[in-house]
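Note sheet for the following structure.
The values are calculated or read from the model by the stated rules, or taken from the named source; none is laboratory data. What you see is a predicted model; the values in this text were computed from it and never measured. Glycine gets a Cβ as well: all are built from the backbone with ideal geometry, and neighbour counts include every protein chain shown.
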Amino acid sequence: MKQMQHTLTVRCRGRGAVNITRDIQQWISQNEIETGLLTLFVQHTSCSLMVQENADPDVLHDMEAFLSKLIPDGDPSFLHRAEGPDDMPAHIRMALTQTSLSIPVSKGRAMLGIWQAVYLYEHRSLPMNRQVMLHLLGT
Amino acid sequence: MKQMQHTLTVRCRGRGAVNITRDIQQWISQNEIETGLLTLFVQHTSCSLMVQENADPDVLHDMEAFLSKLIPDGDPSFLHRAEGPDDMPAHIRMALTQTSLSIPVSKGRAMLGIWQAVYLYEHRSLPMNRQVMLHLLGT
Amino acid sequence: MKQMQHTLTVRCRGRGAVNITRDIQQWISQNEIETGLLTLFVQHTSCSLMVQENADPDVLHDMEAFLSKLIPDGDPSFLHRAEGPDDMPAHIRMALTQTSLSIPVSKGRAMLGIWQAVYLYEHRSLPMNRQVMLHLLGT
């Protein structure tokens, strides 16, 4: 059994979901692991991980519209406002989605379903570079 | 350290939570792993995993009522409507619950709490066969 | 590759988030694992795990206010009411946050980001002792 780790840096242009599936699959294929387990962990508190449909971009649009309505930017009831109107909503969005994800690996690939992609969901408005830690274990 | 994988097929009769605890425990017991880690991963974008109470069926009723109200089927603001009024809500429900779950294994069993069950939560209205990938690692 | 498990007991004084980061890091450091994977699993259905900001306590206040408004205690539409007005909301809060978390370990520490803490989020009003199972794997 071998293990390896890697930090994936994801450039985000502001709020929205960035498809990181290809980066993940490429990293696995470089490591010569056929069968195992991949874990992703996001090292931030205002972005998160989401598995979501990879086909129709309207899905991401509707997801964003839903979250924006559920957790309004600049809600006057928030006490935590020093970092901007999108900051506390980002913390809540992150708590409601995923900080870590674990995906079985088979035949050298993360076993995503045919319609699945892994997204880094940036919840802040400004462009950010985000770090996703990858851990791979297997044979 | 050994590892093994299995695809569990879950028959869903439409929207609702299917208890898959017994299937999981049976699969672990077939693999002669005493101590380790079990990971579940759902290969879809309109169903998800949920750990929830195993005793009172009213809990699942209230959970479903809450989600139905929070994310109304057929919301006219959704752009993604081609696959039916329950499809975009299914994607949102899935993002708010779990795609993967990791559970320590001890004495040959997933160490669920006494009141816990693992559910495959189907979010679409029509009957579906769903795939849950299981990965077991241990000694 | 070695693995070890531990049950962390967390004393909660009622609803609210308890920072368990130090307990986790201490347990890892006792196990002489330099590189690996830590998994946390909560054995309950009315508390959960959350990674969240560790700096401004207003974040936890706003998080709690958001959840309290989204899922009102004593909602008369709930059928599951025998265990009190905060019980069904606790089950829903738990389904929307995390039951398990997986965090890569490097240099003998869980690789949390600089602003991240791991919280056990108690959703019931009464004081409770909660169990978090820890599983550590690595070299």
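Quick test of your reading of the structure: A:GLY16 fulfils all but one of (1) modelled with pLDDT under 95; (2) of a type outside the set (A, V, I, L, M); (3) under 24 Å from B:PHE78 (Cβ atoms). Name the failing condition by number.
All conditions pass for A:GLY16, except number (1).
Those residues that are of a type in the set (Gly, Ala, Ser) and farther than 26 Å from B:LEU134 by Cα, I need them from the range B:54-105; list them, please.
Start the filter on the range B:54-105 by keeping residues that are of a type in the set (Gly, Ala, Ser), which leaves B:55, B:65, B:68, B:74, B:77, B:82, B:84, B:90, B:95, B:100, B:102.
Selection gives B:ALA65, B:SER68, B:GLY74, B:SER77, B:ALA82, B:GLY84.
Consider B:TRP27 against the criteria (1) assigned to a helix (DSSP H, G or I); (2) at the interface with another protein chain (Cβ under 10 Å from one of its Cβ atoms); (3) aromatic (Phe, Trp, Tyr): it satisfies all of them except one. Which criterion is unmet?
(2)
Those residues that are of a type in the set (S, T, N, Q) and in contact (Cβ under 8 Å) with a residue 60 or more places away in the chain, I need them from the range B:80-139; list them, please.
We begin by selecting, within the range B:80-139, every residue of a type in the set (S, T, N, Q); these are B:97-100, B:102, B:106, B:116, B:125, B:129, B:131, B:139.
Matches in the range B:80-139: B:SER100, B:SER102, B:SER106, B:GLN116, B:SER125, B:ASN129, B:GLN131, B:THR139.
Name every residue in the range B:88-139 that is touching a Ser or Thr at 6+ places or on another chain (Cβ under 6 Å) and among the basic types (Lys, Arg), in order of residue number.
Passing the criteria: only B:ARG124.
Quick check, is C:LEU137 of a type in the set (A, V, I, L, M, F, W, C) and touching a Leu at 6+ places or on another chain (Cβ under 6 Å)?
Considered against the rule, which asks whether it is of a type in the set (A, V, I, L, M, F, W, C) and touching a Leu at 6+ places or on another chain (Cβ under 6 Å), C:LEU137 comes out as yes.
Would you mind stating whether C:THR39 is surrounded by fewer than 20 Cβ atoms within 10 Å (Cβ to Cβ) and under 23 Å from A:LEU8 (Cβ atoms)? Reasoning before the result, please.
Details: surrounded by fewer than 20 Cβ atoms within 10 Å (Cβ to Cβ): no; under 23 Å from A:LEU8 (Cβ atoms): yes.
Criteria not met by C:THR39.
Scan the range B:30-57 and report the pairs whose first residue is under 16 Å from B:ILE103 (Cα atoms) and whose second residue is surrounded by fewer than 19 Cβ atoms within 10 Å (Cβ to Cβ) and of a type in the set (Gly, Ala, Ser), with Cβ atoms within less than 7 Å and a gap of 6+ or a chain change.
B:ILE33/B:GLY108; B:GLU34/B:GLY108; B:THR35/B:SER106
Looking only at the range C:58-105, count how many residues are of a type in the set (Asp, Glu) and surrounded by fewer than 18 Cβ atoms within 10 Å (Cβ to Cβ).
5
Is there a residue in the range B:105-117 that is modelled with pLDDT under 95 and more than 13 Å from the chain's Cα centre (by Cα)?
Within the range B:105-117, the subset modelled with pLDDT under 95 is none.
So far as the range B:105-117 goes, no, none of its residues is modelled with pLDDT under 95 and more than 13 Å from the chain's Cα centre (by Cα).
Taking B:LEU70, is it of a type in the set (A, V, I, L, M, F, W, C), touching a strand residue (DSSP E or B) at 6+ places or on another chain (Cβ under 6 Å) and at pLDDT 95 or above? Reasoning before the result, please.
Working: of a type in the set (A, V, I, L, M, F, W, C): yes; touching a strand residue (DSSP E or B) at 6+ places or on another chain (Cβ under 6 Å): no; at pLDDT 95 or above: yes.
No: the conditions fail for B:LEU70.
Name the single residue, out of those in the range C:1-29 being within 18 Å of C:LEU101 (Cβ to Cβ) and more than 14 Å from the chain's Cα centre (by Cα), that is surrounded by the fewest Cβ atoms within 10 Å (Cβ to Cβ).
That would be C:GLN26.
Do you know which of the residues in the range A:31-59 that are among the polar types (S, T, N, Q) and within 11 Å of chain C (Cβ to nearest Cβ) is farthest from C:LEU37 (Cα to Cα)? Talk me through it step by step, then tell me what you get.
The first filter runs over the range A:31-59 and keeps only residues among the polar types (S, T, N, Q), leaving A:31, A:35, A:39, A:43, A:45-46, A:48, A:52, A:54.
Then drop every residue that is not within 11 Å of chain C (Cβ to nearest Cβ), which leaves A:39, A:43, A:45-46, A:48.
Values: A:THR39: 8, A:GLN43: 15, A:THR45: 20, A:SER46: 23, A:SER48: 19 Å.
Per the criteria, the residue is A:SER46.
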